[in-house]
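One structure is given here, and the rest of the page talks about it.
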Amino acid sequence: MKSEFKTAIVFAVIIVAAIGMITVVLSAIDESQSSIMAGNMQDGQIDKSKFKTAPDLVGIAHHINITPEELAAKMEGKVILYDIWTYSCINCIRTLPHITAWDDKYADEGLLIIGIHSPEFEFEKEITNVQTAVDKHGIAYPVVMDNDMETWKAFENRYWPRKYIADHEGYIRYDHIGEGAYKETEMIIQKLLQERAAALGVQAASAVPLVDIDEFEHTSFRTPELYFGYKFAFGRSQLGSSEGFSPGNVVSYMEPKDVEMHKFYPIGTWKNTPDNMKLESDDGVIKLRYSAKQVNIVTGNNADIEILLDGKPLPAEYAGSDVTNGMLTVNEPGLYNIIDRDSASSHLLELNIKGKGFEMFTFTFG
């Protein structure tokens, strides 16, 4: 047998063995995930010894849509979806149509949704701001304001948004980070409601089609979130201006010679704070070269903002839902959609701002 042929056989054996090992590993991962979702069966019962129980809601500053006493009573024996969110987070906002639809569909079957509002920025701690967001998005289920992040810590959480689902005995049976997996999540809801019905000896609802809502499709290559507060931006090279950050100080930012991709450039007099930049002059400018199909900003205080794209007035086909005739009026702190397209593209964005005291927190992209 020729040496070349022997070598080929050896390589073939190695490849087959490697594929077999990968298959075993992937199979083990799938089984582990399935075990976490469903639990192991013992004598017809689900073994929950490896599941954690949902922690208590602690450090709650305010309750919306319910009183503390009503919430405590309502939680007894329910399948509970805990949604950790904050109202200026675009990823959180995109999940709300599904969550509110599940509330409408399954609340009478034993599902209780609790929105745990854990703020990223200071203005998100104001109950009037959160109440406005709750009304805007049609949230009828209970929302608790976790202003000091104590419940966030009790869940050992690090992400917005995050969904935990606990069964009727309080065991966490499902955990999902971020957007997506809506069908998978709803199937878990249905499964746990069936378990609850069987345990309580009540009639389970018949199988129904899953909620059908279009998901937002992210672009694979897009500008990352850009933070204007020096505390949030620490360790990230996002501010393109040569003046840089100057914590706690007022800085005069000059017109840049060049605008690099994925970096922002304030122009004018701005105060550097931990979570934002505050405009100290009557007007100012922010320039950014980005790549995305959607651009959002998180802002505070009042301002009128003219939006330019590639040096020209914003075309109507690029205008986001909060823009009218190329202008954005900021009249409350929160999230504003300024660019919205069906496909991604790269552009030079310019915000011409009139309004001393305007606060810029972040750019987010889709």
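The values are calculated or read from the model by the stated rules, or taken from the named source; none is laboratory data. Values in this document were obtained by computation on a predicted structure and should not be read as measured data. As a convention, Cβ positions derive from the backbone with ideal geometry for all residues, glycine included, and neighbour counts pool all protein chains shown. Side chains included, ligands, DNA and RNA excluded: accessible areas come from the protein's heavy atoms. Shrake-Rupley method; radii C 1.70, N 1.55, O 1.52, S 1.80 Å.
Sum -39500 (n - 2.57) across every DSSP H segment of at least 4 residues in the chain, then divide by the residue count to get the 222 nm mean residue ellipticity, nearest 500.
Result for the chain: -8500 deg cm²/dmol, rounded to the nearest 500.
Could you pull the accessible area for Thr329 with a 1.4 Å probe, rounded to 10 Å²?
Here the residue's solvent-accessible area equals roughly 80 Å².
In nm, to one decimal, how far is the Met261 label point from the Ser345 one, both placed 7 Å along Cα→Cβ?
It is 1.6 nm.
Ignoring any ligand, DNA or RNA, what whole percent of the accessible area of the stretch 81-206 comes from carbon and sulfur when the probe is 1.4 angstrom?
47 percent
With equal scatterers on the alpha carbons only and no solvent term, can you work out the Debye log10 of I(q)/I(0) for the stretch 172-243 at 0.11, 0.24 1/Å?
These q points yield log10 I(q)/I(0) values of -0.56, -1.13.
Roughly how big is the stretch 152-191's charge dipole about its Cα centre, with Cβ charges of +1 (Lys, Arg) and -1 (Asp, Glu), in debye to the nearest 20?
The calculation lands at about 120 debye.
First select every other residue whose beta carbon is under 12 angstrom from the beta carbon of Leu193; then total the charges, Lys and Arg +1, Asp and Glu -1.
0
Just to confirm the number: angle between the C-alpha axis of helix 3-38 and the first principal axis of the chain, 0 to 90 degrees, nearest 10?
With both axes taken from Cα atoms, the answer is about 90 degrees.
Based on Cβ point charges of +1 for Lys and Arg and -1 for Asp and Glu, what charge dipole magnitude is obtained for the chain about its Cα centre, in debye rounded to the nearest 20?
1100 debye
On a 0 to 90 degree scale, rounded to 10, what angle separates helix 127-136 from the longest Cα axis of the chain?
That helix lies at roughly 70 degrees to the long axis.
Under the Kirkwood approximation for Rh and a Cα-based Rg, what ratio Rg/Rh is obtained for the stretch 252-366?
Result for the stretch 252-366 is an Rg/Rh of 0.93.
Quick one: net charge around Phe245, please, counting Lys, Arg +1 and Asp, Glu -1 for every other residue with C-beta under 14 Å from its C-beta.
Within the 14 Å Cβ shell, the charges total +3.
Quick one: helix 90-106 against the long Cα principal axis of the chain, what's the angle to the nearest 10°, folded into 0 to 90?
Between the helix axis and the principal axis of the chain, the angle is about 40 degrees.
Rg and Dmax of the stretch 269-323, using alpha carbons, in Å: what are they?
12.8, 35
Please compute the per residue accessible area over the chain with all protein chains in place, 1.4 Å probe, rounded to a whole number of Å².
Using a 1.4 Å probe on heavy atoms only, each residue of the chain averages 51 Å².
What percentages make up the Cα-Cα pair-distance distribution of the stretch 81-122 when the bins are 10 Å wide from 0?
P(r) for the stretch 81-122, in whole percents per bin: 28, 50, 20, 2.
Apply the Debye scattering formula to the chain, with a single equal point scatterer on each alpha-carbon and no solvent, then give log10 I(q)/I(0) at q = 0.07, 0.09, 0.10 Å⁻¹.
One equal scatterer on each Cα of the chain leads to -0.41, -0.64, -0.75.
If you roll a 1.4 Å probe over the stretch 298-366 with all protein chains in place, what percent of the accessible area is carbon or sulfur?
Solvent-exposed carbon and sulfur of the stretch 298-366 make up 43 percent of the total.
For Asn157, what is the net charge nearby, where nearby means another residue's Cβ is under 15 Å from its Cβ and Lys, Arg count +1, Asp, Glu -1?
Cβ neighbours under 15 Å give a net charge of -3.
For Lys354 and Ala316, compute 0.36 nm times the residue count separating them, minus their Cα-Cα distance, and round to one decimal in nm.
Separation in residues times 0.36 nm, less the Cα-Cα distance, equals 11.5 nm.
What is the gain in length, in nm to one decimal, between Glu184 and Asn331 on full extension, counting 0.36 nm per residue of separation less the C-alpha to C-alpha distance?
Gain on stretching Glu184 to Asn331: 49.1 nm.
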